[in-house]
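Asks: Got a structure for you, written out below as structure tokens; questions coming shortly.
A short reminder: the numbers here are calculations on the coordinates, not readings from a lab. Since this is a predicted model, take the numbers as computed values, not measurements. Cβ atoms come from the backbone with ideal geometry, glycine included; neighbour counts cover every protein chain shown.
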Amino acid sequence: MDRKDLANLIFPNAKDYTYYEEKYAKRNLTENAIVTRFAPSPTGFVHIGGIYQSLIAKVMAKNGGVFFVRIEDTDQKREVEGGIKQILDALKDFDLCPDEYIDENDVDHGNYGPYKQSLRKDIYQSYAKKLLEEGNAYPCFCSAEDLDKIRENQEKAKERTGYYGKWTKCRNMPIDMAIEKIKNGDPYIVRFKSPGNPDKKIKHKDVIKGSVEFPENDQDIVIIKSDGLPTYHFAHLVDDHLMGTNMVIRADEWLASVPLHLQLFYVAGFKAPKYAHIAPMMKLDGEGKRKLSKRKDPESAVSYYKEEGIPKESVLEYLMNIANSNFEIWRKQNPDKKMEEFDFDIKKMSVSGALFDMVKMLDVSKNVISKFSAEEVYNETYNWAKEYDKELLEMLENKEYSLKVLGIERGNAKPRKDIAKWSDVKHIISYMYDDKFDKNGEFEYQKITDKDEIDKIVKLYFEKYYDESDDKETWFNKMKDLSESLGYAREVKEYKANPEGFKGHVGDVSTVIRVKITGRCNTPDLYEILKILGKERILKRI
Ligand code: GLU
């Protein structure tokens, strides 16, 4: 009996691996094209980090490469119904559609599928069989108790834990004995036979982390579990080999597995991909920083952005800010360019983890939305309101009017920047709707707070100066005339030069009108507001 017999006994039906080598031909790509992937588990929660990773993957693959999605569902306990759809929908929502993927009906889109690990069992077994035949894998019959015992002994002896070297009970089991046990029905799993020597070092040049050095791997890790499915490590070897991945972009929690992964590729005789390990997004917490957490931070869920109405453009723009800190400067210099035109450099990504800051994201979002047309703001807000805010939806029913309101100070050189998310819009525009405007409200006036003075200004303005048909310049001149007639400076400059000589200046006076009409001291352009409201409604308000 030899290794071949053992391999045949364990995987009697597995095809020779060369079948798959031929079936999945090498990709025909230009020299520097990057093939990369996003490999999530369908756990029912899509983390914003997945969008971050996919954005980077997509950008890296843009010059003739491939960005594919592979569903990693070998841990079937963690799987959630509808998990795949959730992932694909999230990617679609953020314009990060993969070139190749499997859909929720298990239909593959692409030539390197199945893009779902649970459908690849036969493939893994063929490659496990290859390793068995070559003497690079073996069946292990250790029970959970055996493994506990080994760990106890290792702890007692103050040695590293794990299944390696002299601790491996089954590694050197005679083939005949293994065959007999299997025939006997003894339960087993398949382990990799590591050739590593931990006294030796391996050097790895990570695309993001740079040069790192590790001791060689010597752990005989499990490659095929008792349910016949592979472990992450083995699936990574088989899948990324067959799917032609040449750059693995993944979370840096996997960095420590690089010695094992390189060894697996080496032993199997396949070319290893490059690795780019992304540091997690961090969040300030008190004095320190911590990972953005699924449990503590609502903004870690992709669904949060949809619910809040933060547009995808803003999220992507902010994620690019985090990915390459020079993006911000580029954006300032190129306010009108598309994000895709930015020359992203994966090597410039943070090694230790960039800060994820919602305040900053909303700031970026204000800038992004300021470039939207009124029509775009209207449509996006309307769609958001349909799902999340019936009251806002009603306000938006009159499209023509809403477009006017949303169009104030938009489409010009210095557009308004007050909207960060669609859920802000209701509050921001509410005073433009009479049933939302509380004319008896306790408004906060600014400099001029004396009630009689306020009444005097308002009365005089609307009796003597206000004319609905004035153009902007005339309107402003009249505001100055009004100010002057009441003892306020026509110009701020004038007032500053001689503060004793005036009660205040034109800005103070117009603020009174602004607050009276809108209830707010900060609004976009008052002239446009008055124009849109029109005389009749204004007079009702005063
Ligand atoms: N399924 C693994 C994870 O979600 C994928 C890691 C990888 O990209 O290789 O962590």
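Asks: Short version: ³J(HN,Hα) in whole Hz for each residue of the range 165-176, in order, from phi by Karplus 6.51 cos²θ - 1.76 cosθ + 1.60 (θ = phi - 60°), x for Gly and Pro, what are they?
Replies: x, 5, 8, 7, 5, 9, 4, 9, 5, x, 4, 4
Asks: Residues with beta-carbon under 12 Å from that of His204, excluding His204: net charge, scoring Lys, Arg +1 and Asp, Glu -1?
Replies: +2
Asks: Which entries in Lys417/Lys447; Lys4/Lys85; Lys77/Lys193; Lys360/Lys439 show an alpha-carbon gap greater than 30 Å?
Replies: Values: Lys417/Lys447 24 Å; Lys4/Lys85 42 Å; Lys77/Lys193 27 Å; Lys360/Lys439 35 Å.
The answer is Lys4/Lys85; Lys360/Lys439.
Asks: Using just the helices of the chain, give the 222 nm mean residue ellipticity in deg cm²/dmol: DSSP H runs with n ≥ 4 each add -39,500 (n - 2.57), and the total is spread over all residues, rounded to 500.
Replies: So the helix-based figure for the chain works out to -13000 deg cm²/dmol.
Asks: What are the ³J(HN,Hα) values, in whole Hz, obtained from phi via the Karplus relation 6.51 cos²θ - 1.76 cosθ + 1.60 with θ = phi - 60°, for each residue of the range 443-454 in sequence order, with x given for Gly and Pro?
Replies: These are the phi-based 3J(HN,Hα) values: 7, 9, 7, 9, 5, 8, 10, 6, 4, 5, 5, 4 Hz.
Asks: What percent does the relative contact order of the range 391-533 come to when contacts are Cα pairs within less than 8 Å and at least six residues apart?
Replies: Relative CO of the range 391-533 lands at 28 percent.
Asks: From the backbone phi of the range 489-497, what are the Karplus-calculated ³J(HN,Hα) couplings (6.51 cos²θ - 1.76 cosθ + 1.60, θ = phi - 60°) in whole Hz, Gly and Pro given as x?
Replies: The phi angles translate into 6, 5, 10, 4, 3, 4, 5, 4, 6 Hz.
Asks: Which one, Tyr378, Ala25, Ile150, projects farthest toward the positive side of the charge dipole computed for the chain from Cβ point charges (K/R +1, D/E -1)?
Replies: The residue sitting farthest along the positive end of the dipole is Ile150.
Asks: OK, next. What FRET efficiency comes out for the pair Asp95/Thr18, r = Cβ-Cβ distance, R0 = 51 Å, nearest 0.05?
Replies: 0.80
Asks: Output the 0 to 90 degree angle, nearest 10, between the alpha-carbon long axis of helix 358-370 and the longest principal axis computed from the alpha carbons of the chain.
Replies: 60
Asks: Related question: What is the gain in length, in nm to one decimal, between Asp285 and Ile182 on full extension, counting 0.36 nm per residue of separation less the C-alpha to C-alpha distance? Show your work: numbers first, answer last.
Replies: Working: separation 103, 0.36 × 103 = 37.08 nm, distance 5.37 nm.
So the chain would gain 31.7 nm between Asp285 and Ile182.
Asks: Give me the aspartates and glutamates in straight-line cross-link reach of Lys201: C-alpha distance below 15 Å, same-chain residues under 8 apart excluded.
Replies: Glu213, Glu216, Asp218
Asks: Using only C-alpha atoms and all pairs of different ones, pull out the Kirkwood radius for the range 1-61 in Å with one decimal.
Replies: Working: mean 1/r = 0.0634 Å⁻¹.
In the range 1-61 this quantity evaluates to 15.8 Å.
Asks: Which of the peptides 347-353, 236-242 is most tightly packed, and how do the rest follow, going by the mean number of other Cβ atoms within 10 Å of each residue? Mind dumping the intermediate values first?
Replies: Working: 347-353: 14.6, 236-242: 22.9.
Ranked from most to least packed, the peptides come out as 236-242, 347-353.
Asks: What ranking do 250-262, 459-471 get when scored by the average of other Cβ atoms within 10 Å per residue, highest first?
Replies: For the peptides 250-262, 459-471, the packing ranking is 250-262, 459-471.
Asks: Among Lys129/Lys274; Lys205/Lys366; Lys306/Lys531; Lys92/Lys116; Lys23/Lys116; Lys58/Lys294, which pairs are too far apart, with a Cα-Cα distance over 28 Å?
Replies: From the list (Lys129/Lys274; Lys205/Lys366; Lys306/Lys531; Lys92/Lys116; Lys23/Lys116; Lys58/Lys294), the Cα-Cα distance tops 28 Å for Lys205/Lys366; Lys306/Lys531.
Asks: Towards the positive end of the charge dipole of the range 55-151, with charges on Cβ (+1 Lys, Arg; -1 Asp, Glu), say which of Gln125, Met60, Asn136 has the farthest Cα.
Replies: Result: Asn136, furthest along the dipole toward the positive end.
Asks: Give the aspartates and glutamates whose C-alpha is closer than 20 Å to that of Lys399, dropping any in the same chain fewer than 8 places away, or say none.
Replies: Output for Lys399: Glu375, Glu376, Glu380, Glu387, Asp389, Glu391, Glu409, Asp424, Asp434, Asp435, Glu528.
Asks: I've got another one for you. Under the rule of at least 5 residues apart or a separate chain, name every residue whose amide H is placed under 5 Å from the amide H of Ile202.
Replies: Phe214, Glu216
Asks: While we're looking at this one, here's another question. Counting Lys and Arg as +1 and Asp and Glu as -1, each charge on the Cβ, what is the dipole of the chain about the Cα centre in debye, to the nearest 20?
Replies: The calculated dipole for the chain is roughly 1240 debye.
Asks: If you don't mind, there's one more thing I want to ask. Give me the mean projected area, in nm² to one decimal, of the convex hull enclosing the Cα positions of the chain.
Replies: Directional mean of the projected Cα hull area for the chain stands at 33.7 nm².
Asks: To the nearest 10 degrees, how steep is helix 526-541 against the longest Cα principal axis of the chain, on a 0 to 90 scale?
Replies: 60
Asks: If you count, for each residue, the other Cβ atoms within 10 Å and average over each peptide, how do 310-318, 198-206, 331-339 line up from highest to lowest? It would help to have the intermediate numbers written out before the result.
Replies: Details: 310-318: 21.4, 198-206: 12.7, 331-339: 10.8.
The most tightly packed comes first, giving 310-318, 198-206, 331-339.
Asks: Using a Förster distance of 30 Å, how high is the FRET efficiency between Lys464 and Lys436, based on the Cβ-Cβ distance and rounded to 0.05?
Replies: The computed FRET efficiency comes out at 0.50.
Asks: So, one more: For the chain, take the longest principal axis of its alpha carbons; what is the angle in degrees between that and the long axis of helix 144-156, to the nearest 10 within 0 to 90?
Replies: 80
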